[in-house]
Amino acid sequence: MTINRDYLGRTFPAADPYEVSRVKIADFADAIGDPNPVFRDPAVAQAAGHADVIAPPTFAIVISMAGSARAVADPGLGVNYAMVVHGEQRFEYSRQLMAGDIVTAQATITDIRDAGRNVLLTTKTEIRTVDGEHVCTAHSTLVERGGAG
């Protein structure tokens, strides 16, 4: 089965709200090996001009995966996940994620194209607060190896 190109442009329902917490931020910073105290210490973050601790820039992957997973896991799309590798990831921020944010992630399939024997599937995931404020847009490309027609 090949990826269903009729899904190009489809937007999926937003993922359930996700609460960004100090603990989750600190755990993520530990996991990536970043000792920056602005990710752990509210006083340091406030001295740097933030209301609370901020998340490392790549923390948005935790949230965006919930939104893009709805798209990629849709059986009608036809992704053979056993053959998928991660191709690219980038983030465009309106502001940094910080402790106390409650956000949702909504994904849209923005590109499906062949690259040799592979199919590239690109999603755009909008991360917004539950009040609708844009925080970040995550762009992700997955490569389905050997999936080209």
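Once label points are set 7 Å from the Cα along Cα→Cβ at both residue 92 and residue 73, what is their separation, rounded to one decimal in nm?
With each label placed 7 Å out from Cα toward Cβ, I get 2.7 nm.
Stretch residue 11-residue 85 to full length: gain in nm at 0.36 nm per residue minus the Cα-Cα span?
24.4 nm
Counting Lys and Arg as +1 and Asp and Glu as -1, each charge on the Cβ, what is the dipole of the chain about the Cα centre in debye, to the nearest 20?
In total the dipole reaches around 400 debye.
Per q in 0.15, 0.20, 0.22, 0.26 1/Å, what log10 I(q)/I(0) does a Debye calculation on the alpha-carbon atoms of the stretch 92-149 return?
Here the Debye-derived log intensity ratios amount to -0.53, -0.71, -0.78, -0.95.
What per residue convex hull volume, in Å³, comes out for the stretch 65-113 when only alpha-carbon positions are used?
It is 122 Å³ per residue.
If you line up the long axis of helix 22-32 against the longest principal axis of the chain, both from Cα atoms, how many degrees apart are they, to the nearest 10?
Between helix and principal axis, roughly 60 degrees.
Can you give me the convex hull volume of the Cα atoms of the chain, divided per residue and expressed in Å³?
Taking only Cα atoms, the chain has a hull volume of 110 Å³ per residue.
Can you give the angle from 0 to 90° between the axis of helix 60-72 and the longest principal axis of the chain, with both taken from C-alpha atoms, to the nearest 10?
Between the helix axis and the principal axis of the chain, the angle is about 20 degrees.
Can you give the Rg to Rh ratio for the stretch 1-87, taking only C-alpha atoms and Rh from Kirkwood?
Over the Cα atoms of the stretch 1-87, Rg/Rh equals 1.13.
Express in whole angstrom the spacing between the alpha-carbon centres of the stretch 81-125 and the stretch 48-67.
Distance between centres, Cα-based: 15 Å.
Can you tally the net charge around residue 17? Count Lys and Arg as +1, Asp and Glu as -1, for every other residue whose Cβ sits under 12 Å from the Cβ of residue 17.
-3
The numbers here are math on the coordinates, done by the rules we state, and not lab data. Note that the structure is predicted; figures quoted are calculated from it, not measured. Counting neighbours? That spans all protein chains shown, and the Cβs are built from the backbone with ideal geometry, glycine included.
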